[in-house]
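Asker: What follows is a single structure, and I will ask about it in a moment.
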Amino acid sequence: MRIDKYLWCVRYLKTRNQATITCKKGQVKVNDSVVKPSREVYIGDIISLRKNQINYKIKVNDIPPNRVGAKLVDIYRTDLTPKSEFESLELLKFSKDYYRKKGTGRPTKKDRRSLDNYYEEE
């Protein structure tokens, strides 16, 4: 089975087109080598996939006949992604909360004063 079809079948990407684009960008590796979307996947291969700033690592257990339900995905793959990847995503979310929302306009006087005080302390 093609790598793009496999990633779609085990529900890592929503569409075949997204899977193909991800492969073409070089965000998919099989056994530590960047692959094209047409590369065949075999049982025992280790797939590395970069999605949403997380590096997923998947081991192929079996080849699905077609797209499978979410409950059956674990039959066809083993997730080897380290927990530290998900923790780094949480830290990234916290760092984004600090910044102002887009479209909220210019800083108010209070915001400007707090920024001035912050820079004076350093």
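FYI, it's all coordinate maths here, none of it is from the lab. Keep in mind that what you see is a predicted model, and the values were worked out from it rather than measured. No Cβ is skipped: glycine too gets one built from the backbone with ideal geometry, and neighbour counts run over all protein chains shown.
Asker: Taking into account only those residues within region 11-39 that are in contact with a Phe, Trp or Tyr (Cβ under 9 Å, 6 or more places away or on another chain) and of a type in the set (D, E, K, R), which is farthest from residue 88 (Cα to Cα)?
Answerer: Per the criteria, the residue is 16.
Asker: While we're here: Please count how many residues of region 63-76 are closer than 18 Å to residue 4 by Cβ and either among the acidic types (Asp, Glu) or in contact (Cβ under 8 Å) with a residue 12 or more places away in the chain (or both).
Answerer: Keep residues of region 63-76 that are closer than 18 Å to residue 4 by Cβ, which gives 63-68, 73, 76.
Imposing the further condition that a residue be either among the acidic types (Asp, Glu) or in contact (Cβ under 8 Å) with a residue 12 or more places away in the chain (or both) reduces the set to 63-64, 66-68, 73, 76.
Residues flagged as closer than 18 Å to residue 4 by Cβ and either among the acidic types (Asp, Glu) or in contact (Cβ under 8 Å) with a residue 12 or more places away in the chain (or both) within region 63-76 amount to 7.
Asker: Of all residues being in contact with a helix residue (DSSP H, G or I) (Cβ under 8 Å, 6 or more places away or on another chain) and of a type in the set (Val, Ile, Thr) in region 40-75, which is farthest from residue 88 (Cα to Cα)? Just the residue, please.
Answerer: 63
Asker: Here is a further query. Name the pairs whose Cβ atoms lie under 6 Å apart, with the first residue in region 2-15 and among the charged types (D, E, K, R), the second buried (at least 23 other Cβ atoms within 10 Å of the Cβ) and not in a loop (DSSP other than H, G, I, E, B), and 6 or more positions between them or separate chains?
Answerer: Taking only residues 6 or more apart or on different chains, the pairs are 4/19; 4/23.
Asker: Scan region 1-58 for residues that are polar (S, T, N, Q), surrounded by fewer than 16 Cβ atoms within 10 Å (Cβ to Cβ) and in contact with an Asp or Glu (Cβ under 7 Å, 6 or more places away or on another chain) and report the count. If you could, list the steps in order and put the result at the bottom.
Answerer: Filtering region 1-58 down to residues polar (S, T, N, Q) leaves 15, 17-18, 20, 22, 27, 31, 33, 38, 48, 52-53, 55.
If we keep only those that are surrounded by fewer than 16 Cβ atoms within 10 Å (Cβ to Cβ) as well, we get 15, 17-18, 27, 31, 33, 38, 52-53, 55.
The next check asks that each one be in contact with an Asp or Glu (Cβ under 7 Å, 6 or more places away or on another chain); those that pass are 31, 55.
Residues meeting the conditions: 2.
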